[in-house]
Amino acid sequence: MGRGGEAPRGRAPRGDAGEPAANAVKSYGFFELLQRFEAYRRYWLAMAVSWAGDRLNAVALATLVLDRFPQQPMAIGLVLMAQHLPQAVLGLLAGALADRWPRRTVMVVSDLVRAVAVLLVPWATELWQVYLAALVVGTASTFFFPAWRSTLPAVVSRDALPEANAYHSATRSFIDILAPVGATALIAAGRALHPVLYMAPAFWLDALSYLVSAWQLAHLPLDEAALGGLWPATRGLAGVGRDVLVGLRYHRQNRTVWALLLLMGSFAWGANGANALLQKAVPMLLGVPPERWGVLLAAMGVGMIAGNAVVARRGKVWPRHVVIGVGYLGAWLALVILAGTRDFTVALATYVLMGVSNAAFLAPQVAWVQEATDPAYLGRVEATRNAVIYVGMTVSPLLAGWLEQALGSLPGAMGAISVLFLVPAVLSFTHPALRRPASAAARATTGA
């Protein structure tokens with residue numbers, strides 16, 4: 001357990017498999033969560049506002065790079081790498097520090113750093129300045145997300161974690177559909193006002209979103225002691241290094257956390273590569289202009305919203321490992337269908353299926369990790385998952401390119417990489433730690 005040796009008040013004890021100790025099952029509606037938990041209102045608003053700002057930023061950043069540096073074909077890829085690389089390189093360190101430092105402070109400082117960085121991007125005249133801003137934002141995000149996600153168990157009661165995570169995912173999907181359209185309209189209007197800084201309002205709104213997020217999180221009614229944060233006697237780099245190693249050992253000692261890491265790790269090695277192949281499939285297999293990719297992504301967003309609504313309502317009634325396994329099976333099936341179809345209408349329906357499937361395995365896994373992990377280790381567990389995901393996302397497009405070249409076929413490469421979605425589906429149904437609920441009193445060892 002964390003400091004004090006007892007579970008936070010108002011929460012049921014957690015077993016190794018993270019199953020509820022009580023027999024009664026209560027399902028929370030979205031507005032019920034917002035009304036019942038004051039802290040959750042601020043937590044959700046901070047997430048929604050900053051996510052909307054990020055989506056505006058994504059469109060504005062691509063526009064800036066393409067317009068100002070048209071002779072740099074790799075610039076977009078390098079900007080994305082600068083944003084994501086810190087997650088893979090510094091993720092474990094960030095998780096250890098998130099478990100040491102007050103998490104509210106980590107989140108607020110990270111938001112303020114990101115606000116300053118994106119505020120300055122419109123004045124970039126050299127490409128290295130854009131890379132630097134992307135690297136700063138990526139580094140701050142690396143520290144923000146383990147602290148943010150590991151805070152949720154102290155924001156809502158334990159029995160509300162599945163719904164809270166499902167509503168987060170649905171909110172992001174809803175924003176993903178609307179925000180790019182808003183960003184496009186905002187930039188188009190800006191072109192009529194200024195020939196150089198036409199994309200600046202999108203960056204400024206993103207900076208404002210980080211400030212709003214920082215304000216909400218700074219006033220979050222949060223009991224840091226309930227988070228089980230480590231206030232260790234061993235300080236300095238040696239102490240942080242020890243915390244990182246202890247966190248890694250914890251994954252092997254907590255069988256449920258380890259099994260869930262295997263699921264997401266396998267998926268991450270296929271996801272980004274599958275996305276790259278799916279983008280190529282739009283003109284090459286479906287025979288439509290490449291911009292139709294946006295329509296397909298909107299369909300997937302609709303599927304995710306619907307899927308998360310079902311997960312929020314029924315996710316605690318159905319066996320969780322079955323929900324997750326069916327989700328991975330659906331994602332695998334969707335990719336196989338898309339490898340074979342040449343009909344855009346079929347592809348549109350299949351993207352809805354893919355969205356529903358993603359909702360089935362994403363939010364339930366996040367909630368399960370939060371329930372099954374000792375609060376004192378949650379920052380490191382979340383950071384380790386992020387690091388594994390981002391390493392997989394970095395390698396995955398290379399794997400997809402190699403498969404397409406080796407097989408000499410785009411549909412063949414899509415079918416081959418879909419196996420990485422099938423592996424976690426099989427593990428979900430067969431891994432003992434996910435199939436066998438543990439006693440609510442049996443906690444995983446800390447490894448300290």
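Here is a yes/no grid of residues against (1) farther than 18 Å from Ser209 by Cα; (2) charged (D, E, K, R); (3) out of contact with any Phe, Trp or Tyr (no Cβ under 9 Å at 6 or more places or on another chain); (4) modelled with pLDDT under 85:
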site: Ala75; (1), (2), (3), (4): yes, no, no, yes
site: Val79; (1), (2), (3), (4): yes, no, no, yes
site: Thr105; (1), (2), (3), (4): no, no, yes, no
site: Ala115; (1), (2), (3), (4): no, no, no, no
site: Leu120; (1), (2), (3), (4): no, no, no, no
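Would you be able to say whether some residue in segment 318-338 is farther than 30 Å from Leu152 by Cα and charged (D, E, K, R)?
Within segment 318-338 (the criterion being farther than 30 Å from Leu152 by Cα and charged (D, E, K, R)), the answer is no, since none of the residues qualifies.
Looking only at segment 304-318, decide whether some residue is over 30 Å from Leu92 (Cβ atoms), open to solvent by 10 Å² or more (accessible area, probe 1.4 Å) and within 16 Å of the chain's Cα centre (by Cα).
yes
If you go through segment 315-334 one residue at a time, do you hit one that is more than 22 Å from Leu398 (Cα to Cα), at pLDDT 90 or above, in contact with a helix residue (DSSP H, G or I) (Cβ under 6 Å, 6 or more places away or on another chain) and of a type in the set (Lys, Arg)?
Yes: one or more hits.
If you take the residues in segment 200-245 that are under 22 Å from the mean Cα position of the chain (by Cα) and more than 18 Å from Val49 (Cα to Cα), which one is modelled with the highest pLDDT?
Among those residues, the one meeting the criterion is Val244.
Report every pair of residues separated by at least 6 positions or lying on different chains whose Cβ atoms are under 7 Å apart, first residue within segment 109-135 and under 21 Å from Val49 (Cα atoms) and open to solvent by less than 10 Å² (accessible area, probe 1.4 Å), second modelled with pLDDT under 90 and part of a loop (DSSP other than H, G, I, E, B).
Partner pairs satisfying both residue conditions: Pro122/Leu197; Pro122/Met199.
Residues of segment 365-393 being open to solvent by 10 Å² or more (accessible area, probe 1.4 Å) and more than 26 Å from Trp101 (Cβ to Cβ), which ones?
Answer for segment 365-393, where residues must be open to solvent by 10 Å² or more (accessible area, probe 1.4 Å) and more than 26 Å from Trp101 (Cβ to Cβ): just Met393.
Of Arg100, Arg158, Arg68, which residue is among the basic types (Lys, Arg) and open to solvent by 50 Å² or more (accessible area, probe 1.4 Å)?
On the way: Arg100 fails: open to solvent by 50 Å² or more (accessible area, probe 1.4 Å); Arg158 fails: open to solvent by 50 Å² or more (accessible area, probe 1.4 Å).
Going through Arg100, Arg158, Arg68 in turn, the sole match is Arg68.
So Leu64 clears everything in (1) modelled with pLDDT under 80; (2) in contact with a helix residue (DSSP H, G or I) (Cβ under 9 Å, 6 or more places away or on another chain); (3) more than 23 Å from Arg385 (Cα to Cα); (4) among the aliphatic types (A, V, I, L, M) except one condition, right? Which one?
(1)
Pick from segment 412-436 the residues that are hydroxyl-bearing (Ser, Thr, Tyr) and assigned to a helix (DSSP H, G or I): which of them is surrounded by the fewest Cβ atoms within 10 Å (Cβ to Cβ)?
The first filter runs over segment 412-436 and keeps only residues hydroxyl-bearing (Ser, Thr, Tyr), leaving 418, 428, 430.
Going one step further and asking which of them are assigned to a helix (DSSP H, G or I), we end up with 428, 430.
Numbers: Ser428: 26, Thr430: 11.
By that ranking, first place goes to Thr430.
Keeping to segment 245-294, report how many residues are touching a residue at least 60 places away in the same chain (Cβ under 8 Å), open to solvent by 10 Å² or more (accessible area, probe 1.4 Å) and not in a helix (DSSP H, G or I).
2
Which one of Val381, Val366 is modelled with pLDDT under 95, touching a Phe, Trp or Tyr at 6+ places or on another chain (Cβ under 9 Å) and either part of a helix (DSSP H, G or I) or on the phi < 0 side of the Ramachandran plot (or both)? Walk me through how you get there before you give the answer.
Values: Val366 fails: touching a Phe, Trp or Tyr at 6+ places or on another chain (Cβ under 9 Å).
It is Val381.
Output the residues belonging to segment 1-36 that are open to solvent by 30 Å² or more (accessible area, probe 1.4 Å) and modelled with pLDDT of 90 or more. Talk me through it step by step, then tell me what you get.
If we filter segment 1-36 for residues that are open to solvent by 30 Å² or more (accessible area, probe 1.4 Å), which is where we start, we get 1, 3-7, 9-13, 19-27, 30-32, 35-36.
Correct list: Phe30, Phe31, Glu32, Gln35, Arg36.
Of the conditions (1) modelled with pLDDT of 80 or more; (2) open to solvent by less than 40 Å² (accessible area, probe 1.4 Å), Leu45 satisfies every one except a single condition; which number is it?
Only one criterion is unmet by Leu45, namely (2).
The values are calculated or read from the model by the stated rules, or taken from the named source; none is laboratory data. The structure presented is a predicted model; accordingly, all values stated were derived computationally and were not measured. Counting neighbours? That spans all protein chains shown, and the Cβs are built from the backbone with ideal geometry, glycine included. Remember, those area values only see protein heavy atoms, side chains included, never the ligands or the DNA or RNA. Shrake-Rupley method; radii C 1.70, N 1.55, O 1.52, S 1.80 Å.
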